[in-house]
1. Between the stretch 220-277 and the stretch 88-106, what is the separation of their alpha carbon centroids in Å?
2. Report ³J(HN,Hα) in whole Hz for each residue of the stretch 182-193, in order, from the Karplus equation J = 6.51 cos²θ - 1.76 cosθ + 1.60 where θ = phi - 60°; Gly and Pro get x.
3. Return the long-range amide H neighbours of HIS195 (sequence gap of 5 or more, or a different chain), with a cut-off of under 5 Å between placed amide H atoms.
4. Choose one answer from CYS191, CYS132, CYS14: the residue with the largest mean-square fluctuation in a GNM of the chain with alpha-carbon springs under 10 Å.
5. Report the net charge of residues surrounding THR176, where surrounding means a beta-carbon distance below 11 angstrom and charges are Lys +1, Arg +1, Asp -1, Glu -1.
6. Taking R0 as 51 Å, what's the FRET efficiency between THR249 and ARG3 from their Cβ-Cβ distance, rounded to 0.05?
7. How about the stretch 193-277: which trypsin sites (Lys or Arg not before Pro) there are in a DSSP loop, with at most 13 other Cβ atoms within 10 Å of their Cβ?
8. For the stretch 75-133, which GluC sites (Glu not before Pro) are in a loop by DSSP, counting at most 16 other Cβ atoms within 10 Å?
Amino acid sequence: MNRPSNRNISLVICSKDSFDDVCFHLKNADKYSVGELIFVTSCENEIEEILSYQNKLNTSLILIKDDGTGIGQARSKGLEKVSKEYLIFLGPDNRIESNSISKILNQLVTSKFKALAFSQKIPCPKKYLEKCQNFRFKNKFPTFISRDVIGTPHIINAEDARKIGYNTEVDCCDDTIFFNAFIETIGPIACSDIHVDEVSQNILKRMIWYGKSDFQFLETLQKRSFKNFIHSFITETRYIFYEKNILATVFYLPGIILMATTRQYSFIKLWLKSHKV
């Protein structure tokens, strides 16, 4: 079987208030060697910058304007314009090389998995929570083991993605809804050992975002169990016990507890707010 090339890939980046990141990807667009690069954004400064590059690149550059209502809607709009066989959704804060794209594409077409997420890491972490985040990436997302959900960034067959479709009614829980349906209809998903570098963001704000995602997903459920209400905390702590180095566990545990508590608090706050009379 001939290996598919990067030219078989549509690279989609949904951005919002990510001007510096958008500039980075525009400057490196041709280096990715993909078939097309699609930006979905509602930000005027990002739109202007993308338009200024449309005649400078050898790579096909597509701009989609959305109204900024959420990542689910943005991904849905991006998927509509995809013309290549494979699709990579990349976060604007991710940094990737053409060689890594080639490797994960080859893994996808030769493995039993129907979608793969890139591993992630913050290069040269300096702050304690950045180091905790890298520990989280390493231990929470073991490679090539079937999972229920994988997030951005990921690679997927475009037609398989269209069979499921992204939920435009939700914001940050679109991954959960999409991949829960995906594994039931299309097949298994997993995390790859191919990684992208991630520009460090405010990690506690990210945990607040995940708590919001947990709440949004809860709202889609007709039947709820107790585990749905403690999911935020459990999912951010149980992987600490996968670490066999006791010194590493002691070092990272306070940060992991803080991150987990922040995510759980975000969830509880939204849930209580929804039940106010």
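Here, each number is a calculation from the coordinates, and none is a lab measurement. Worth saying up front: this structure is predicted, and the values here are computed from it rather than measured. Heads up, the Cβs are rebuilt from the backbone with ideal geometry, glycines too, and the neighbour counts pull from every protein chain shown.
1. Cα centres, the stretch 220-277 to the stretch 88-106: 29 Å.
2. Using θ = phi - 60°, the values come out as 4, 5, 6, 9, 9, x, x, 10, 7, 9, 8, 8 Hz.
3. Correct list: SER119.
4. Comparing CYS191, CYS132, CYS14 in the GNM, the peak value goes to CYS132.
5. Net charge in that neighbourhood comes out at -4.
6. 0.80
7. LYS223, ARG224, LYS244, LYS276
8. Working: sites: GLU80, GLU85, GLU97, GLU130; in loops: GLU85, GLU97.
Here the GluC sites (Glu not before Pro) that fit, given the DSSP loop and packing criteria, are GLU85, GLU97.
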